[in-house]
Every structure is written in structure tokens, then in C-alpha cells.
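For reference, the structure is listed below as C-alpha cells.
The values are calculated or read from the model by the stated rules, or taken from the named source; none is laboratory data. Just so it is clear, the model here is predicted, and its values are computed rather than measured. Backbone-built Cβ (ideal geometry, glycine too); neighbour counts: all protein chains shown. Areas reflect the complete protein model, heavy atoms only, side chains present, ligands, DNA and RNA absent. Shrake-Rupley method; radii C 1.70, N 1.55, O 1.52, S 1.80 Å.
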Amino acid sequence: FVFFRSLGKPLEEDTQLHYFILMPEGTWAKLLFSLLAGITNTALDLLLPVIVGSLIMGANPLIPICLIPVILSVDVYSTTVGAFIGLSLPQNAGAPIKTFVQILFIYFRLLPDIFVLAVLAILGHVYLGIAAVAVVNLLLGLIFFALAAHWLSPRGGTPEAIL
């Protein structure tokens with residue numbers, strides 16, 4: 001769900017709208033609120049199905065609920081990577097190439113997540129693994145967020161700085 005949502009490049013779409021530049025706020029704030037809106041949308045889309053699905057399967061609903069922050073951190077990472085790739089690659093690179101590069105970034109980033117979760121689950125520290133994966137994804141997402149914001153507007157992003 002999060003992977004396909006990020007391929008739609010919601011953050012990059014927001015930056016290409018005409019009113020994005022006209023908002024009297026810095027680029028960082030505009031990107032942050034757009035990212036937070038996407039995260040909220042994903043959380044609202046996931047919460048009820050995760051709880052209902054775990055109850056239908058007869059599983060403990062605590063683990064799927066604890067996995068929601070991991071899913072949201074993957075959303076942050078994949079959305080910011082998509083925005084960074086869309087903003088940094090030249091326009092003539094084409095959508096298929098940008099999508100291919102984004103898929104590579106996401107898939108290769110998720111391999112260490114899977115490894116950490118598997119090792120810590122085998123060792124009996126499932127919740128520690130969940131927290132570690134979420135924190136690492138958020139930190140990497142924030143790095144790509146900063147790169148995308150800087151790439152979009154290296155002088156600060158306010159209309160006064162652009163003029």
C-alpha cells in the first residue's frame with residue numbers, strides 16, 4: 001500500500017502545483033505540512049483494516065498496531081525519496097527512469113529492515129526491532145527530506161528569497 005502510494009509521488013506533485021510557490025511560507029514548512037498530511041492519510045487508511053484483520057485472524061492486535069509506526073516510517077522514507085529523485089533528476093530523464101531509480105532506492109533500503117527485524121525476532125526482541133527499524137527509516141527519510149527541500153529552493157524558499 002505504502003509502496004504504491006509513494007510511486008504516485010504525492011510530495012513531488014504538491015511542489016509542482018502553482019500555489020505551492022505562492023504560499024507565504026518557507027519551502028521546508030510547506031514540504032513538512034504536505035508530508036504530514038500524507039502520513040496522516042496513510043495512518044487513517046491503515047488503522048482500522050489492521051485492527052480488524054488481526055481480530056479476524058485471531059492474532060494479538062498489539063503487534064500489528066506496533067507495526068503501524070514502521071509502515072508510516074517506510075511511507076516517510078519512500079515519499080521523501082520519491083520527491084528527492086523527482087526534483088533532482090533532470091526533467092528529460094523520463095518518468096520510467098525516475099520510477100526505476102525510486103524502486104531501487106526503496107527495495108535496497110528495505111532489505112536491512114527485513115534483516116534487523118528477522119534477527120531481533122529470532123532473539124526474542126520483536127518490539128526493539130520494530131522500534132529500531134522505525135527510527136532508522138525516519139532518520140533516512142529526514143535526510144532525503146532535507147535534500148529535497150534544499151534542492152527545491154537552495155535560498156530558503158520564501159517568496160522574498162525568490163524575488
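Structure data summary
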{"quantity": "Scope segment 8-28; condition touching a residue at least 24 places away in the same chain (Cβ under 8 Å) and outside any helix (DSSP H, G or I); matching residues", "calculated": "9, 24, 25, 26"}
{"quantity": "Looking only at segment 135-157, and only at residues there that are open to solvent by less than 90 Å² (accessible area, probe 1.4 Å), more than 10 Å from residue 76 (Cα to Cα) and in contact with a helix residue (DSSP H, G or I) (Cβ under 6 Å, 6 or more places away or on another chain), the one that is modelled with the highest pLDDT", "calculated": "147"}
{"quantity": "Residue satisfying all of: in segment 116-134; assigned to a helix (DSSP H, G or I) and open to solvent by 90 Å² or more (accessible area, probe 1.4 Å); modelled with the highest pLDDT among these", "calculated": "122"}
{"quantity": "Which numbered condition residue 83 fails, given (1) open to solvent by less than 30 Å² (accessible area, probe 1.4 Å); (2) touching a residue at least 40 places away in the same chain (Cβ under 8 Å); (3) under 29 Å from residue 118 (Cα atoms)", "calculated": "(3)"}
{"quantity": "Cβ-Cβ under 7 Å pairs, at least 6 apart or on other chains, segment 29-55 side open to solvent by 80 Å² or more (accessible area, probe 1.4 Å), far side not in a helix (DSSP H, G or I)", "calculated": "55/61"}
{"quantity": "Selection within segment 87-115 - open to solvent by 50 Å² or more (accessible area, probe 1.4 Å) and more than 30 Å from residue 17 (Cα to Cα)", "calculated": "108, 111, 112, 114, 115"}
{"quantity": "Matching entry among 74, 101, 70, 81 (being of a type in the set (Val, Ile, Thr), more than 23 Å from residue 41 (Cα to Cα) and modelled with pLDDT of 80 or more)", "calculated": "101"}
